[in-house]
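Undergrad: One structure, pasted below without further comment.
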C-alpha cells in the first residue's frame, strides 16, 4: 500500500507539473473510454481508439454526465472539458437560454455538432447583443436529452475537410444509446444554498430488441428550473425626475435587479434511436429528438423618466417606479434522421437524410407601447417568430483497398446536399407601430413618444425576412499505416454555395508516429471555413441597450440591429458578409509509460480571417441623420454584423489519467486536465469611409468589442478529478480552476478583471441494491462567487459581473435517485 501510494503521489505531482504547461486527461487501460472505438474524425474500417488517434479526442461516458450533477449539456461539458466554457448571463434578450459557448477560445458556431455522426441543426435564435460569442448562431446543446446519450466524442482539431462548414475549433459528436434491454431512470432535485433556483430533473430510458438483431431505444428528459437573482441590496443612485422630484428607486428598491441571474426554464425532450437489420447485409436506421421549452426572464429595468415623463405623468401609469419587462420564449425543436447502410461490391455504403427545425415564438410582458397613448390595457405582446430549418442528405462509401503495402489503404468518399432556411416573422402591430399620441404637458409637451415598446420592439413587416440557401459538397479521405508505427491520412473537400458565397476547398493532413512502444508524436495541418449563417444575413431588431460612460454613468441607447444588406446599414458602411476562413496547426505528444497511465499534450494554433462580429453601437447626430433619411426614427443608434477582424488563437491542451486498484480498499481513477488559450487580433478591418467621414470617434469595431473577443473567457482552466469506488460506494470529486477573464468597456476605467477561482464539485452515491442507487452532491461546494467588483450595482452588471463561467448562484446542492431494471 505504501508503495502504491508513493507511486500515485509521484504521478500526481508529475501531472501537476506538466499541467502547469497546459494539457488534457482521460481514459486508462482498464477504463472503457480508452478502448472505445472512436468514430469522430476518422473514416475507414480499421478501428481507432482514443489512444492511437492521430488527433486529440476526448470520450465522455453517460456515467460521467450523470455524476456532474448538472441538468443541461452546456453546463455538463463546462464541468468536464477544460477547453469548453459558457458564460452565465452574457446579455441579449434570448441569451439566457442560448448562452454563447466557447471551445478553444472560439465561438459556439465555430464548433460543429453531430448526432450519431450526422450534422445537427442550429438554433433559430441569434446571440444578438451577447457580449461573449456575439453574432453566433450555435447549436442549442441543452435541447438534446441527456437520457439518450451513450457517450460524447470531442474532436479538438479543425475538421472542415471532413465535415464542412463550422468545424474550425473542433467537432462534438453525440452518440445515442443502443441498449436493447432494460429501463433506467435518474431523478434529481436541488437548489442553491440561498434557497432559490430550485431545479428538478427527470431522465428515463427504455431499450428493447427490434427484429432479428436490432434495437429500439427510447428516452425522455424533463427539467423545471426556477429563476434566481443575485442583485443583493440594490441601492439607487439616480438623479431627479424631470419635474425635480426624487427618483422613487433611491428609497424603494424592491424588485429591481431581478434580471441579474437566470430565468425560468421548463424543458421537455424525447428521443429515439433504432437499427433494424434487413436482408442482404442491409441495415435500416433512424433517430430523432423532439423538445419543447418554455423560458422566461426579467429584462433590464428602465427609469421612471423613460416612461412617466414621456406620457406626461398620466394618471393610471402602471409603472410609477419605472418599467421592468420580461422576455418569454416558447420553443419547439426537432431532428429526424433515417438511412440505410450495408455492403455492395466490397464497399461499405451509408445513405441518409436528416431534417431539423427550431422554431421560437417570442413574447414580452409588463411592457408598453407608449406611442399609442395612455390606454395601458395591453402589456403583453407577441414580438416575433424565429424559425430555422435544415435538410441534409449524405451518401458515403468506405473500403480498405489492398495496394500492396503492409496494410490496406483506407479509402472513403462521399457527397452531401444541404438546404437551409431562416425566417424572421413579424410580431403583432402594437409591438412595433408608431401611434399618433402627442404628450400634452410637462417637459416633453408636444412631442410624440418613441415607436414600439419601451424595452424591446416587436419585428415590423419591414424587418421580417426569410432567406434560403443551398450547398453541395464532395469529399475524399485516405488513411494508411505506412509502417506498423507510422500512420498518415489526407482529406479533401470541395463545397459549393449559392447566394454569392461560391466555392470553398478544404484540406487536412494528419500523421502519427510511435517512436517507442507507448510513445508517439502526432501532428495535423488543415484549412477550413465557416459560411455566414442565414440569421447573420437576415436578422433585424430594435432593443434598448445599456452603455457605460465615464465616471460610472450609464445611458440607454435604443439600438437597431440592421441587416447588412439594408439601405441604412449600407449607408453606414456595411458590406456583404464573406465566409470566415481558417488555418489550423497542431502538434502533439502521447505517452503510456506504465500500465494504466496515459498522458497527452497538444499544441495548437488557429488563424481565422474575416471573423463575423457585431460592430459597436453607432450613435450621434450624424448617425441619426442617416437613419432618419432611410425612414427610421431619429433617436435610434445602429449596429450590424461585419467581417471585422483577423484573429489568432494559440494554446495547449494537457491530459493525464491514471487508474489505480487498491484491492479490498477499492479502486480510483485520477485525472488532471488543463487548457490554456489566447486569442489576439492580427488585423482589424478598416473603418469604412461611410463611417470615418462622420468623425474621428466612429470606428467599426470598438474597444469593448475587441476585449469581448480576446479576454472575456478564461485564458486557462484546470480540472483535477478522481472517481473512487469501494464496494457499494462511489465518490466523484472534481476541483476546477477557472482562470482570469475581463469584462471590458470602451472606457478603460470601467474595465473589470476577475481573478481565478477554484470550484469544487462532489457527488457521493450508494448502491442500495443492483437496481437502486441514491446520491447526494454539491456543485460549488464552498459557495464561491466571482469578485465583487461590478461596475455600478444599479445599472445592469451588479457586483459579480456577467461573464462568470461557473455561475453567479453560489453553492448548489442536490439529491439523486437512480433506478435500473
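Undergrad: Would you be able to say whether some residue in segment 343-359 is in a strand (DSSP E or B) and within 23 Å of residue 258 (Cα to Cα)?
TA: No, segment 343-359 contains no residue that is in a strand (DSSP E or B) and within 23 Å of residue 258 (Cα to Cα).
Undergrad: Is it true that residue 333 is closer than 29 Å to residue 260 by Cβ and assigned to a strand (DSSP E or B)?
TA: So residue 333 fits the description; yes.
Undergrad: Considering every residue within segment 743-752, establish whether at least one is in a strand (DSSP E or B) and either closer than 29 Å to residue 676 by Cβ or out of contact with any strand residue (DSSP E or B) (no Cβ under 8 Å at 6 or more places or on another chain) (or both).
TA: Looking for residues that are in a strand (DSSP E or B) and either closer than 29 Å to residue 676 by Cβ or out of contact with any strand residue (DSSP E or B) (no Cβ under 8 Å at 6 or more places or on another chain) (or both), one finds at least one in segment 743-752, hence yes.
Undergrad: Could you figure out which of (1) in contact with a strand residue (DSSP E or B) (Cβ under 7 Å, 6 or more places away or on another chain); (2) surrounded by fewer than 16 Cβ atoms within 10 Å (Cβ to Cβ) isn't true of residue 634?
TA: Here residue 634 clears every test but (1).
Undergrad: Any residue that is in contact (Cβ under 8 Å) with a residue 60 or more places away in the chain, closer than 30 Å to residue 728 by Cβ, under 26 Å from the mean Cα position of the chain (by Cα) and in a strand (DSSP E or B) - is there at least one of those in segment 682-700?
TA: no
Undergrad: Is one or more of the residues making up segment 442-450 crowded, with 18+ Cβ neighbours inside 10 Å, on the phi < 0 side of the Ramachandran plot and part of a strand (DSSP E or B)?
TA: The answer is no; no qualifying residue exists.
Undergrad: A further question on this structure: Listed residues 522, 493; which is surrounded by 22 or more Cβ atoms within 10 Å (Cβ to Cβ), under 30 Å from residue 612 (Cβ atoms) and in contact with a strand residue (DSSP E or B) (Cβ under 6 Å, 6 or more places away or on another chain)?
TA: Among 522, 493, only 493 is surrounded by 22 or more Cβ atoms within 10 Å (Cβ to Cβ), under 30 Å from residue 612 (Cβ atoms) and in contact with a strand residue (DSSP E or B) (Cβ under 6 Å, 6 or more places away or on another chain).
Undergrad: Same structure, new question: For the structure I just gave you, tell me whether residue 814 is farther than 24 Å from residue 672 by Cβ and outside any loop (DSSP other than H, G, I, E, B).
TA: Yes, satisfied.
Undergrad: Among the listed residues 136, 159, which satisfies the condition of being under 16 Å from residue 531 (Cα atoms), at pLDDT below 90 and in contact with a strand residue (DSSP E or B) (Cβ under 6 Å, 6 or more places away or on another chain)?
TA: So the residue among 136, 159 that is under 16 Å from residue 531 (Cα atoms), at pLDDT below 90 and in contact with a strand residue (DSSP E or B) (Cβ under 6 Å, 6 or more places away or on another chain) is 136.
Undergrad: Test each condition in (1) within 11 Å of the chain's Cα centre (by Cα); (2) part of a loop (DSSP other than H, G, I, E, B); (3) surrounded by fewer than 24 Cβ atoms within 10 Å (Cβ to Cβ) for residue 74 and report the one that comes out false.
TA: Against the list (1) within 11 Å of the chain's Cα centre (by Cα); (2) part of a loop (DSSP other than H, G, I, E, B); (3) surrounded by fewer than 24 Cβ atoms within 10 Å (Cβ to Cβ), residue 74 comes up short only on (2).
Undergrad: Just wondering, is there one or more residues in segment 776-786 that are surrounded by 18 or more Cβ atoms within 10 Å (Cβ to Cβ), farther than 18 Å from residue 67 by Cα and touching a helix residue (DSSP H, G or I) at 6+ places or on another chain (Cβ under 9 Å)?
TA: no
Residue-wise test of (1) within 18 Å of residue 372 (Cβ to Cβ); (2) over 29 Å from the mean Cα position of the chain (by Cα).
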{"position": "424", "(1), (2)": "no, no"}
{"position": "430", "(1), (2)": "yes, yes"}
{"position": "449", "(1), (2)": "yes, yes"}
{"position": "452", "(1), (2)": "yes, yes"}
{"position": "462", "(1), (2)": "no, yes"}
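Each row is one residue, and each column tells you yes or no for (1) crowded, with 22+ Cβ neighbours inside 10 Å; (2) under 22 Å from residue 644 (Cα atoms); (3) in contact (Cβ under 8 Å) with a residue 60 or more places away in the chain; (4) in contact with a helix residue (DSSP H, G or I) (Cβ under 9 Å, 6 or more places away or on another chain).
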site	(1), (2), (3), (4)
708	yes, yes, yes, no
712	yes, yes, yes, no
723	no, no, yes, yes
726	no, no, yes, yes
731	no, no, no, no
743	yes, yes, yes, yes
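Undergrad: If we scan segment 713-726, do we find a residue that is touching a strand residue (DSSP E or B) at 6+ places or on another chain (Cβ under 8 Å) and over 28 Å from residue 811 (Cα atoms)?
TA: Checked segment 713-726: no residue is touching a strand residue (DSSP E or B) at 6+ places or on another chain (Cβ under 8 Å) and over 28 Å from residue 811 (Cα atoms).
Undergrad: When the residues of segment 496-514 are filtered to those that are surrounded by 15 or more Cβ atoms within 10 Å (Cβ to Cβ) and not in a strand (DSSP E or B), which remaining residue is nearest to the chain's Cα centre (by Cα)?
TA: 501
Undergrad: On to the next question. Can residue 525 be described as within 27 Å of the chain's Cα centre (by Cα) and more than 23 Å from residue 417 (Cβ to Cβ)?
TA: When the stated conditions are applied, residue 525 passes them.
Undergrad: If you don't mind, there's one more thing I want to ask. List the number of the failed condition for residue 806; all other conditions in (1) crowded, with 18+ Cβ neighbours inside 10 Å; (2) part of a loop (DSSP other than H, G, I, E, B); (3) over 24 Å from the mean Cα position of the chain (by Cα); (4) at pLDDT 85 or above hold.
TA: (3)
Undergrad: Hey, another quick one. Scan segment 159-185 for residues that are closer than 30 Å to residue 209 by Cα and either assigned to a loop (DSSP other than H, G, I, E, B) or in contact with a helix residue (DSSP H, G or I) (Cβ under 6 Å, 6 or more places away or on another chain) (or both) and jot them down.
TA: Once the filter is applied, which keeps residues that are closer than 30 Å to residue 209 by Cα and either assigned to a loop (DSSP other than H, G, I, E, B) or in contact with a helix residue (DSSP H, G or I) (Cβ under 6 Å, 6 or more places away or on another chain) (or both), segment 159-185 yields 176, 177, 178, 179, 180, 181.
Undergrad: Among the numbered criteria (1) at pLDDT 95 or above; (2) more than 24 Å from residue 261 (Cβ to Cβ); (3) assigned to a loop (DSSP other than H, G, I, E, B), which single criterion is violated by residue 784?
TA: Tallying (1) at pLDDT 95 or above; (2) more than 24 Å from residue 261 (Cβ to Cβ); (3) assigned to a loop (DSSP other than H, G, I, E, B), residue 784 fails exactly one: (2).
Undergrad: I've got another one for you. How many residues, within segment 401-427, are over 18 Å from residue 468 (Cα atoms) and crowded, with 17+ Cβ neighbours inside 10 Å?
TA: 7
Undergrad: Within segment 515-537, track down each residue that is in a strand (DSSP E or B) and in contact (Cβ under 8 Å) with a residue 60 or more places away in the chain.
TA: Across segment 515-537, the qualifying residues are 519, 520, 521, 522, 523, 524, 525, 526, 527, 528, 529, 530.
Undergrad: Now, a different point. If I filter segment 541-562 for residues that are buried (at least 16 other Cβ atoms within 10 Å of the Cβ), modelled with pLDDT of 85 or more and in a loop (DSSP other than H, G, I, E, B), do I get at least one hit?
TA: Within segment 541-562, none of the residues are buried (at least 16 other Cβ atoms within 10 Å of the Cβ), modelled with pLDDT of 85 or more and in a loop (DSSP other than H, G, I, E, B).
Undergrad: Just need a number here: residues in segment 606-628 that are out of contact with any helix residue (DSSP H, G or I) (no Cβ under 6 Å at 6 or more places or on another chain), outside any strand (DSSP E or B) and within 19 Å of residue 135 (Cα to Cα).
TA: 2
The values are calculated or read from the model by the stated rules, or taken from the named source; none is laboratory data. Given the structure is predicted, the values throughout are model-derived calculations rather than measurements. Positions of Cβ are backbone-derived with ideal geometry, glycine not excepted, and every protein chain shown enters the neighbour counts.
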